[in-house]
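Where a number appears in this text, it was derived from the coordinates with a stated rule and is not lab data. If you're wondering where the values come from, they're calculated on a predicted model, not measured in any experiment. All Cβ positions, glycine included, derive from the backbone under ideal geometry; neighbour counts span all protein chains shown.
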Amino acid sequence: MADRDPQPTPATAGQPSHGEHVAIARNGGVQFRRAGTHDAGPVAALHADSWRRNYRGAYADTFLDGDVVTERLAFWTARLREQPADRFAIVAEEAGSLVGFAYSILDENPTWGAYLDNLHVAHTHQRQGIGTRLMALTAEAVIEQRPSSGLSLWVLEQNVRAQRFYEARGGRRVGRDRLHPPGGDPSRLRGEVYKLRYAWPDPATLLITG
Ligand SMILES: CC(C)(COP(=O)(O)OP(=O)(O)OC[C@H]1O[C@@H](n2cnc3c(N)ncnc32)[C@H](O)[C@@H]1OP(=O)(O)O)[C@@H](O)C(=O)NCCC(=O)NCCS
C-alpha cells in the first residue's frame, strides 16, 4: 500500500463534519473528509462508472448503459441530504476531484454490527492505498461510536478482485444471499445474482498504525 504520508493527520472520523472541508486524513496528495450534500453529483458519477466497469454480468446491460447515472444521482441526492447520526460517508479527493468514497451504517446487523454499504475507488486511482485507507477510517469511526461493534459488508459473488482485497485485510466470508436489485427493479439484474458477506468481528484489525 502506498502510504506516502508518514504522519497522517490524526483521524477524527467519528466526529461528523457533514461535508465541511475538514481533512480527517491524508495519503500523499489524497485528502479524506466527511461527505456532504454537495458531494452527491461526484459520488453518483463515480458509483455509476464503477458499476459499469465492475458489475457487468450481474447488473443488466440495459441498466448499466441506460439510466444508471440518473438513478445513482437520485439515490445519492436523497441519501446525502439527510445524514442521521448512525450513518456516515467518507470521501477521498485529489486536487478537488473525487477519487473514492465509503458509506456506512451503524448497528445494521445484530450479529455483525456496522455495515459498509459502499466502497469504490476511481479506476484511475486504484492500488494506491485509497481503499485501504477508506476502510481504516470507516473502522475508526465505528470503533469511536460503537466500541464493541463488528463491521461487515456484502460483495457480489462475481467480484473476485474485491473479495481478494477484503481477504487480504482479514475479512472472513460469513454468508451468501440473493442480491436485491437496485431500486427494487428486477429488470436491472441479469437473472439470479448472489452476494457474499465478509465480516470483521474486530474492526481494529483494519486500522492503519504508524
Ligand atoms: C476494491 C477496491 C475498493 C480497492 O481499492 P484500492 O484503492 O484499489 O485498494 P488499495 O490500493 O488500498 O489496495 C489494493 C491493492 O493494491 C496494493 N497497493 C496499494 N498501494 C500500492 C502501490 N503504490 N503499488 C502497488 N500496489 C499497491 C495493496 O497492497 C493492495 O493489495 P493487497 O490487497 O494484495 O494487499 C477498488 O479496487 C474498487 O473500487 N473496485 C471496484 C469497486 C468495487 O468492487 N468495490 C467493492 C464493492 S463490495
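Please give the contour-minus-distance gain from residue 160 to residue 62: 0.36 nm per residue of separation, less the Cα-Cα distance, rounded to one decimal in nm.
Using 0.36 nm per residue and subtracting the Cα-Cα distance, I get 33.0 nm.
Once Rh is set to the Kirkwood radius over Cα pairs, what Stokes-Einstein translational diffusion coefficient, in µm²/s, holds for the chain at a temperature of 37 °C and a viscosity of 0.692 mPa s?
Rounded, D is 190 µm²/s.
Near the amide H of residue 100, under 5 Å away, which other amide H atoms are found, from residues 5 or more places off or on another chain, if H is placed in the peptide plane?
It is 92, 122, by chain and number.
So what are the ³J(HN,Hα) numbers for region 22-34, from phi and the Karplus equation (6.51, -1.76, 1.60; θ = phi - 60°), rounded to whole Hz, Gly and Pro as x?
Once θ is set to phi - 60°, the couplings for region 22-34 become 10, 6, 9, 6, 9, 9, x, x, 9, 10, 10, 8, 5 Hz.
Can you give me the C-alpha center-to-center distance between region 172-198 and region 72-101, rounded to a whole angstrom?
Result: 22 Å between the Cα centres.
Please give the net charge around residue 175, taking every other residue with its beta carbon less than 11 angstrom from that of residue 175, where Lys and Arg add +1 and Asp and Glu add -1.
+4
Rounded to two decimals, what is the ratio between the C-alpha radius of gyration of region 25-149 and 2.2 N^0.38 Å?
1.06
Between Rg and the Kirkwood Rh of region 162-210, both from Cα atoms, what is the Rg to Rh ratio?
1.14
So which helices of the chain fit the span-like rule, where a helix is a whole DSSP H run, its Cα atoms reach 18 Å or more along the axis, and its mean Kyte-Doolittle is at least -1.0?
Long hydrophobic helices here: 40-54, 68-81, 130-145.
Nearest 20 debye, what's the magnitude of the dipole of the chain about its Cα centre given +1 on Lys and Arg Cβ and -1 on Asp and Glu Cβ?
Here the size comes out at about 520 debye.
Name the residues whose placed amide hydrogens come within less than 5 Å of the amide hydrogen of residue 60, ignoring near sequence neighbours (fewer than 5 apart) on the same chain.
Under 5 Å from the amide H of residue 60: 189, 190.
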